[in-house]
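Quick note: the coordinates plus some simple rules give every number you see, no bench work behind them. Quick caveat, the model's predicted, so the values are computed rather than measured. Note: ideal-geometry Cβ built from the backbone for every residue, glycine included; neighbour counts use all protein chains shown.
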Amino acid sequence: MELKIYEHKAQYYETDQMGIIHHANYLHWFEEARIDMMEQMGMGYDIMEKQGIISPVLSVHCDYKSMARFGETVQVLVQMKEYNGIRMTLEYTVFDKETGAIRCVGESRHCFLTRDGKPVSLKRNYIEMDRAFREYSEQSQKEE
């Protein structure tokens with residue numbers, strides 16, 4: 001399963017008073033890239049939610065390496081660091097499309113719950129979803 005790298009053109013409203021992308025926007029880019037990844041896998045949030053599954057964020061962090069500015073196009077590489085059917089950890093690398101300069105690296109941790117907030121094992125209860133996540137996890141491990 002070969003997925004395209006997510007691209008985002010930095011918008012003016014995303015900048016701060018210093019003319020650089022405000023630090024909080026990188027987390028939005030992580031989410032955009034995660035949603036794009038899941039849609040490319042055929043397991044978008046819309047599909048998961050129709051089946052009664054939600055995937056809240058348990059934690060997120062970001063280490064900033066260099067500044068992105070208005071008008072730049074960044075690419076966000078998403079790799080699955082861990083997946084066990086109940087939880088997953090994703091790693092993000094945001095880099096400038098033109099220069100390749102790394103803008104930030106980060107990680108988010110998620111779990112899978114039913115709509116009423118009970119933990120659910122995709123491995124046991126949602127085999128198609130589990131298969132898609134496992135395939136992407138195996139691919140991510142090979143790329144490291």
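Derived scalar couplings between HN and Hα for the stretch 67-80 equal 8, 9, 10, 3, x, 6, 9, 10, 10, 10, 8, 10, 10, 8 Hz in order, rounded to whole Hz, by the Karplus curve 6.51 cos²θ - 1.76 cosθ + 1.60 (θ = phi - 60°), x for Gly and Pro.
Computed 3J(HN,Hα) for the stretch 53-61, one whole-Hz value per residue from the Karplus formula 6.51 cos²θ - 1.76 cosθ + 1.60 where θ = phi - 60°, is 10, 10, 9, x, 7, 8, 7, 8, 8, glycine and proline marked x.
Taking the alpha-carbon distance from K4 and a cut-off under 29 Å, which lysines remain once sequence neighbours fewer than 8 residues away in the same chain are dropped? Reachable lysines: K50, K65, K81, K97, K123, K142. Using the Cβ-Cβ distance between R69 and E143 with R0 set to 22 Å, the FRET efficiency from 1/(1 + (r/R0)^6) comes to roughly 0.15.
Averaging the Cα positions of each part gives two centres, and for the stretch 101-144 and the stretch 9-23 these lie 30 Å apart. Taking amide hydrogens as placed 1.01 Å from N in the peptide plane, the amide H of A68 sits under 5 Å from those of I21, each at least 5 positions away in sequence or on another chain.
Taking the C-alpha atoms only, the angle from helix 127-143 to the longest principal axis of the chain is near 40 degrees. How tilted is helix 25-40 with respect to the longest principal axis of the chain? Cα atoms for both, answer in degrees (0 to 90, nearest 10). Rounded to the nearest ten degrees, it is 40. Here the simple spin-label model places points 7 Å from the Cα toward Cβ, and for E2 and I102 these points are separated by 2.5 nm. Counted by Cβ distance under 14 Å from I86, the other residues give a net charge of +4, where Lys and Arg count +1 and Asp and Glu count -1.
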